[in-house]
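Undergrad: Sharing a structure with you now.
What follows is calculated from the coordinates using simple rules that are stated; it is not laboratory data. Everything numeric here is computed off the predicted structure, so don't read it as measured data. FYI the Cβ positions are ideal-geometry reconstructions off the backbone, even for glycines, and counts take in every protein chain you see.
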Amino acid sequence: MPSDQQPLPFQLINAFAATPRAGNQAAVVVVPKDDPRATDAKFMQAVAKDFNLSETAFLVPHGSSEGVPKYGLRWFTPAAEVPLCGHATLAAATTLFNSYEPTATKLEFETKFVGPLYATLESERGQGVQIGLDLPIGKAEVGELTEGYATLAANAAGLRPEQVLRHAEFDFGGPSVIVQLDPTVDLATLKPDIDILVPDVTQYTQVLSAKDGRVQVTNRVFAPNLGIDEDPVVSCPAVACN
């Protein structure tokens with residue numbers, strides 16, 4: 001980085017939690033609109049690699065519309081830019097509501113891949129602030145579960161092929177897969193072979209199970225091609241479950 005460039009402010013935010021050392025942490029970096037780094041993807045990628053968190057969010061102020069502040073928003077893992085990230089969006093909104101927009105109750109984010117996103121303040125500002133997000137619903141295409149695919153997924157997870165129920169493909173900036181397992185499988189204890197579970201062409205593999213016929217899903221997400229062997233908490237690929 002050239003020595004004449006000013007340091008940029010950043011915050012580390014624990015999303016989905018009201019206390020420190022909990023939830024899912026994301027870094028949030030605010031870049032002035034007239035700063036050349038505001039459009040420099042290589043710079044953003046290098047910073048995200050340095051933070052080494054599952055996602056780093058970059059905010060660029062874009063003025064306001066009808067009293068609603070607008071910001072450009074991009075998300076980077078340590079290895080790649082991603083089209084959407086729920087917890088880093090929540091972290092970005094928390095940073096803005098608490099530190100940059102003291103009177104705003106709504107924010108608009110302009111994104112590169114998914115269009116405008118909106119955040120709404122739903123509580124008092126401060127630690128544990130509650131924020132509502134308007135995120136797009138992902139689309140997943142359920143494919144035929146072949147014997148070969150079931151065996152591959154089972155071998156990767158140390159399961160029997162009959163415990164793999166079905167799979168679906170979706171696009172998360174690249175081909176991605178959801179694998180549904182029998183609800184009797186204990187996801188918490190699985191120790192999958194990530195090299196087998198996630199082929200080179202797959203960015204996210206989401207392994208999930210639903211219990212007792214209720215709309216209750218437990219899931220684990222693996223994304224080594226994005227620099228994340230396993231995402232500790234995930235939201236955006238989960239929207240494809242709809």
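Undergrad: Less than 15 Å Cβ to Cβ from residue 128, Lys/Arg counted +1 and Asp/Glu -1: what total charge do the surrounding residues give?
TA: For residues surrounding residue 128, the net value is 0.
Undergrad: At most 15 other Cβ atoms within 10 Å plus a DSSP loop assignment makes a site exposed; report the longest stretch of the chain without any exposed GluC sites (Glu not before Pro).
TA: Between exposed loop sites, the widest span is 145-242.
Undergrad: Something else about it: Given the DSSP H assignment, sum -39500 (n - 2.57) over each helix run of at least 4 residues in the chain and divide by its residue total; what's the result at 222 nm in deg cm²/dmol, nearest 500?
TA: -4000 deg cm²/dmol
Undergrad: Right, something else. In the stretch 16-63, which trypsin sites (Lys or Arg not before Pro) are in a loop and have at most 16 other Cβ atoms within 10 Å, using DSSP for the loop call?
TA: Passing both the DSSP loop test and the Cβ count: 21, 33.
Undergrad: Right, another one. Under 1.5 on a/c is rounded, so check that first for the stretch 1-142, then, if it is not, pick prolate when a/b is larger than b/c and oblate when it is not; a ≥ b ≥ c are the square roots of the alpha carbon gyration tensor eigenvalues.
TA: rounded
Undergrad: Taking a ≥ b ≥ c as the square roots of the Cα gyration tensor eigenvalues, with a/c under 1.5 meaning rounded and otherwise prolate when a/b beats b/c, else oblate, which class fits the stretch 1-68?
TA: Note, shape of the stretch 1-68 comes out oblate.
Undergrad: Cα axis of helix 147-157 to longest principal axis of the chain: angle in degrees, 0 to 90, nearest 10?
TA: Value to nearest ten degrees: 60.
Undergrad: Next question. Using the Cα centre as the reference, give the magnitude of the dipole from point charges on the C-beta atoms of the stretch 3-134 (Lys, Arg: +1; Asp, Glu: -1; all else neutral), rounded to the nearest 20 debye.
TA: My answer is approximately 240 debye.
Undergrad: I would also like to ask the following. For helix 41-51, report the angle its Cα long axis makes with the longest principal axis of the Cα atoms of the chain; keep it between 0 and 90° and round to the nearest 10°.
TA: Helix 41-51 and the main axis of the chain meet at about 70 degrees.
Undergrad: Where the centre of each part is set by its Cα atoms, how far does the stretch 131-187 sit from the stretch 42-81, in angstrom?
TA: Cα centroid to Cα centroid, the span is 29 Å.
Undergrad: Follow-up question, since we're still on this one. For the chain, what's the relative contact order in percent, using C-alpha pairs closer than 8 Å and at least 6 residues apart?
TA: Contact order relative to length: 14 percent.
Undergrad: Give the cross-link partners of residue 42 among the lysines, using a straight C-alpha distance below 20 Å as the criterion and excluding same-chain residues fewer than 8 apart.
TA: By straight Cα distance, residue 42 reaches 33, 112.
Undergrad: Pairs of Cα atoms under 8 Å, at least six residues apart: use those to get the relative contact order of the stretch 10-93, whole percent.
TA: About 29 percent, as a whole number.
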